[in-house]
Amino acid sequence: MARSITSGPADNHSGSSSSSSRTEDVQKCPDHPLEEIKFFCPTHDSIGCVACHTLNHATCDKQYIPDMSANFKYSRDYKNMLDEFQATYSNTCMHVQEIDSCLKEVDKLSTSEINKLQQFKALIIAYLDQREKELLVEIKKRRDQDTAALEKLQTAAKALQSDLDKSQVNLKAHEANSNHLFIAAKRAQAMLNQLQTTLEVIKRQTQVRQYTLQKDPLVETLLKNKDGMGEIVSRPGNDKLYSL
Ligand SMILES: [Zn+2]
Ligand SMILES: [Zn+2]
């Protein structure tokens, strides 16, 4: 029954130029469409047709609307209701603005949090870049040191190769003269012993100095953590909004 009260002013508000047939529709009883709304029950604050009042308000006082509504337009009730509509309308307007500012804040918040995320990521990348640079320097330093050491060994080995080659050529050159060959062979033997010792020294040192990147266990743990960079959490008390 109460909905008849609210549907009346709302319909009038939406169309002051509404046709007479529409006005008649408004006056029909929603529960008994063939009957016009003619009675008001002050006890239940309810309007209805003759059928409504016979069925639901038989024992209530009832007022005949055409008799009691003549000066309704000038009544305090009507004025209060219009004031209340106006106040609720103003309140709604203010709230529309408030929702607008909430929408702006939603954008602002997301932009700010995206910036925070990207700055954090940039910080992590800058840290990793810096560590990568330092580790690269160390690896290159090791490579240069090891290359220099092995090149030194290589130079010594090539000199040894050359000395051995020359000695053999020298011995061959003295083969025609037994006396000379014997003396040359004795000298060559002493030199050969020395060259063999040098070769042993070179052989002992000929190996690759091994090293490896020992991965930081903290970073390895971080990579296994699915929430690694952080997570988005609601502020306390903010997680049950928007239930409309
Ligand atoms: Zn009715
Ligand atoms: Zn009643």
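Within region 77-89, residues that are closer than 18 Å to ASP45 by Cβ reach partners that are surrounded by 10 or more Cβ atoms within 10 Å (Cβ to Cβ) with beta carbons closer than 8 Å, at six or more positions or on different chains, in the pairs TYR78/PHE72; MET81/PRO9; PHE85/PRO9. If only residues of region 32-55 that are surrounded by fewer than 15 Cβ atoms within 10 Å (Cβ to Cβ) and in contact (Cβ under 8 Å) with a residue 24 or more places away in the chain are counted, the one that is farthest from ligand 1 (Cβ to nearest atom) is ASP45. For region 55-70, the set of residues classified as out of contact with any strand residue (DSSP E or B) (no Cβ under 8 Å at 6 or more places or on another chain) and either within 14 Å of GLN27 (Cα to Cα) or within 11 Å of ligand 2 (Cβ to nearest atom) (or both) consists of LEU55, ALA58, THR59, PRO66, SER69, listed by residue number.
Every condition in (1) within 16 Å of ligand 1 (Cβ to nearest atom); (2) surrounded by 14 or more Cβ atoms within 10 Å (Cβ to Cβ) is met by ALA58 except one, and the failing one is (2). The set of residues in region 157-180 being touching a Leu at 6+ places or on another chain (Cβ under 9 Å) and in contact (Cβ under 8 Å) with a residue 12 or more places away in the chain consists of ALA157, LEU160, ASP163, LEU164, SER167, LEU171.
One residue is enough: does region 73-85 have a residue meeting the conditions in a loop (DSSP other than H, G, I, E, B), away from ligand 2 (no atom under 16 Å from the Cβ) and either modelled with pLDDT of 90 or more or exposed (fewer than 10 other Cβ atoms within 10 Å of the Cβ) (or both)? Yes, the conditions are met somewhere in region 73-85.
Inside region 218-235, residues that are touching a helix residue (DSSP H, G or I) at 6+ places or on another chain (Cβ under 9 Å) and either in the same structural domain as LEU109 (by TED's automatic domain parsing) or not in a helix (DSSP H, G or I) (or both) make up a count of 4. With respect to (1) touching a helix residue (DSSP H, G or I) at 6+ places or on another chain (Cβ under 6 Å); (2) not in a helix (DSSP H, G or I), the lone exception for ALA176 is condition (1). Could we say that LEU222 is surrounded by 10 or more Cβ atoms within 10 Å (Cβ to Cβ) and touching a residue at least 60 places away in the same chain (Cβ under 8 Å) here? So LEU222 fails the test.
Across region 23-70, what is the total count of residues that are among the polar types (S, T, N, Q) and modelled with pLDDT of 90 or more? Within region 23-70, residues that are among the polar types (S, T, N, Q) and modelled with pLDDT of 90 or more number 6.
If the condition is being exposed (fewer than 10 other Cβ atoms within 10 Å of the Cβ) and closer than 30 Å to ILE124 by Cα, then region 225-237 contributes ASN225, LYS226, ASP227, GLY230, GLU231, ILE232, VAL233, SER234, ARG235, PRO236. If the condition is being surrounded by 10 or more Cβ atoms within 10 Å (Cβ to Cβ) and under 30 Å from THR147 (Cα atoms), then region 210-219 contributes TYR211, ASP216.
The values are calculated or read from the model by the stated rules, or taken from the named source; none is laboratory data. All figures in this text were calculated on a predicted structure; none of them were measured in a lab. Neighbour counts are summed over all protein chains in view; Cβ atoms, including those assigned to glycine, are modelled from backbone coordinates with ideal geometry.
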